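K.L.:
Supplied in structure tokens, the structure appears directly below.
The values are calculated or read from the model by the stated rules, or taken from the named source; none is laboratory data. Here the structure is a predicted model, which is why all the values come from computation and not from measurement. Note: ideal-geometry Cβ built from the backbone for every residue, glycine included; neighbour counts use all protein chains shown. Note: areas computed on protein heavy atoms with side chains; ligands, DNA, RNA excluded. Shrake-Rupley method; radii C 1.70, N 1.55, O 1.52, S 1.80 Å.
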Amino acid sequence: MNCEATDIKSTHTSNFVMVGGYNGQYNKPAEKYKPFNPQDGTFKNFGVIQTNHMGVIDNSYNGDNDQWMFPAYAERDTIINKNDRICQFRIIKSQPKLNFVDSTLENNADRGGFGSTGIK
């Protein structure tokens with residue numbers, strides 16, 4: 001995805017949003033979604049980090065005025081020119097519909113919960 005709207009000049013520690021090169025009229029295959037992430041060189045070349053870590057565009061985001069955006073944080077003063085490649089996306093098949101059933105406790109031991117991984 002390219003920086004489409006305009007050239008961007010950002011200063012160190014500023015937040016900004018870049019408008020991507022696609023809108024809701026782009027590729028709407030059924031049962032698909034589109035995750036997008038920075039290009040490998042985005043931080044090295046531009047000094048910016050995608051602030052939502054990974055964007056996800058699902059099929060419901062398909063209006064005529066919907067635009068893909070790249071929220072970013074600048075780690076240094078930078079200039080991103082129109083059509084610079086800043087992120088990439090893939091088209092992935094959506095997860096099948098899940099059917100949840102009510103369940104009773106199964107008397108399994110707790111594992112510690114959120115944030116406990118890696119603690120000995």
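K.L.:
For the stretch 43-83, which residues satisfy the criterion of being in contact (Cβ under 8 Å) with a residue 12 or more places away in the chain and hydroxyl-bearing (Ser, Thr, Tyr)?
P.N.:
Of everything in the stretch 43-83, those that are in contact (Cβ under 8 Å) with a residue 12 or more places away in the chain and hydroxyl-bearing (Ser, Thr, Tyr) turn out to be 51, 61, 73, 78.
K.L.:
Keeping to the stretch 1-12, report how many residues are in a loop (DSSP other than H, G, I, E, B) and at pLDDT 70 or above.
P.N.:
2
K.L.:
In the stretch 31-63, what residues are surrounded by 12 or more Cβ atoms within 10 Å (Cβ to Cβ) and of a type in the set (Lys, Arg)?
P.N.:
32, 34
K.L.:
Filter the stretch 77-89 for residues that are at pLDDT 85 or above and loosely packed, with under 12 Cβ neighbours inside 10 Å and give the result.
P.N.:
Correct list: 79 only.
K.L.:
Of all the residues that make up the stretch 97-110, how many are closer than 30 Å to residue 32 by Cα, open to solvent by 100 Å² or more (accessible area, probe 1.4 Å) and not polar (S, T, N, Q)?
P.N.:
Here the count works out to 4.
K.L.:
Can you confirm whether residue 101 is at pLDDT 80 or above and either among the acidic types (Asp, Glu) or not in a loop (DSSP other than H, G, I, E, B) (or both)?
P.N.:
Taking the combined requirement at face value, the residue does not satisfy it.
K.L.:
Considering only the stretch 25-84, state which residues are closer than 20 Å to residue 11 by Cα, touching a Gly at 6+ places or on another chain (Cβ under 9 Å), of a type outside the set (Phe, Trp, Tyr) and assigned to a strand (DSSP E or B).
P.N.:
69, 71, 74, 78 - these are the residues of the stretch 25-84 that are closer than 20 Å to residue 11 by Cα, touching a Gly at 6+ places or on another chain (Cβ under 9 Å), of a type outside the set (Phe, Trp, Tyr) and assigned to a strand (DSSP E or B).
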